[in-house]
Amino acid sequence: MYDGIVQELIDELGRLPGIGPKSAQRIAFHILQTPTFDVSRLSELLREVRERVKFCEICGNVSEQDTCAICRDPRRNPALICVVEDAKDVAAIERTREFRGLYHVLGGAISPIAGVGPDDLRIQQLMSRLADGTVQEVILATNPNLEGEATATYLSRLLTSLQITVSRLASGLPVGGDLEYADEVTLGRAFEGRRTI
C-alpha cells in the first residue's frame with residue numbers, strides 16, 4: 001500500500017501479537033509524525049531487553065537475574081504454587097494482590113493442533129519442584145479455553161499420585177455481566193462453581 005521502508009515498518013509492526021494491519025499503520029504514522037518520539041531510546045530498550053532479560057531458573061518468570069523477585073522474596077508462601085501458562089499471567093495475578101505464594105510458568109499450553117505436547121512445556125521442572133514435599137497446594141490457573149483446560153486436566157491427573165491438594169481457579173460469569181449474554185459453557189461453569197452465601 002505504501003512505498004518502500006514505510007510499508008516495511010508497517011509489516012514489521014504487524015508481526016507483533018495483537019497488532020493488526022490498522023494498528024500497525026497507526027503506530028508507524030505516530031512514529032513518523034511525532035517529532036518528539038525517541039526512536040533511538042525505543043531501539044536501545046529493545047536491544048537491552050533482548051540482552052538482559054531471561055527466564056527465572058526456578059519458576060520460568062521473566063527476570064534480569066537468575067531468579068525472579070517473587071522467588072527471591074522470603075515473605076512468599078513456599079507451600080503454594082500457582083501454575084500459569086505465560087509470564088504475563090503472573091503479572092495479571094499479582095495485580096489482584098490476592099495470592100502470596102510462588103508461581104510456575106509452563107511456557108504455553110497443550111495444543112495438539114499447534115504441535116505442543118506436555119514435553120514442550122515446563123512440566124518436568126514443576127514435578128522437580130514438588131519432589132521435596134514443601135508444596136501443599138498447586139493452583140492450576142491456565143486459561144479457560146480448550147488448550148488451558150486440556151493442560152489443567154493433564155496436570156491434575158499427573159498430580160493425583162502426590163499428597164498435594166490440586167485446585168483450579170473458578171470460572172463463570174464476569175462481574176457486571178448479563179445472564180442473557182452468557183454462553184452455555186460459561187453459565188454451566190457458574191452453576192458448577194456456585195457457593196453458599
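The values are calculated or read from the model by the stated rules, or taken from the named source; none is laboratory data. It should be emphasised that the depicted structure is a prediction, and the values quoted were computed from it without experimental measurement. When we count neighbours, we look across all protein chains shown, and the Cβ atoms used for this are built from the backbone with ideal geometry, even at glycine.
Table: residues versus (1) surrounded by fewer than 13 Cβ atoms within 10 Å (Cβ to Cβ); (2) in contact with a Gly (Cβ under 6 Å, 6 or more places away or on another chain); (3) outside the structural domain of Glu98 (by TED's automatic domain parsing); (4) in contact (Cβ under 8 Å) with a residue 40 or more places away in the chain.
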residue	(1), (2), (3), (4)
Arg129	no, no, no, yes
Asp132	yes, no, no, no
Pro144	no, no, no, yes
Thr151	no, no, no, yes
Leu159	no, no, no, no
Asp178	yes, no, yes, no
Val185	yes, no, yes, no
Inside the stretch 101-115, can you point out the residues that are closer than 21 Å to Cys82 by Cβ and among the aliphatic types (A, V, I, L, M)?
-> Leu102, Val105, Leu106, Ala109, Ile110
Assess whether Glu147 counts as being at pLDDT below 95, in contact with a strand residue (DSSP E or B) (Cβ under 6 Å, 6 or more places away or on another chain) and in a helix (DSSP H, G or I).
-> yes
Looking at (1) of a type in the set (Ser, Thr, Tyr); (2) out of contact with any Cys (no Cβ under 9 Å at 6 or more places or on another chain); (3) surrounded by fewer than 18 Cβ atoms within 10 Å (Cβ to Cβ), find the lone condition where Thr67 falls short.
-> (2)
Has the stretch 161-178 got at least one residue that is farther than 15 Å from Val84 by Cα and part of a helix (DSSP H, G or I)?
-> no
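Quick grid of which residues meet (1) modelled with pLDDT of 95 or more; (2) part of a strand (DSSP E or B); (3) in contact with an Asp or Glu (Cβ under 9 Å, 6 or more places away or on another chain):
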position	(1), (2), (3)
Ala24	no, no, yes
Leu32	no, no, no
Pro35	no, no, no
Leu42	no, no, no
Cys59	yes, no, no
Arg95	no, no, no
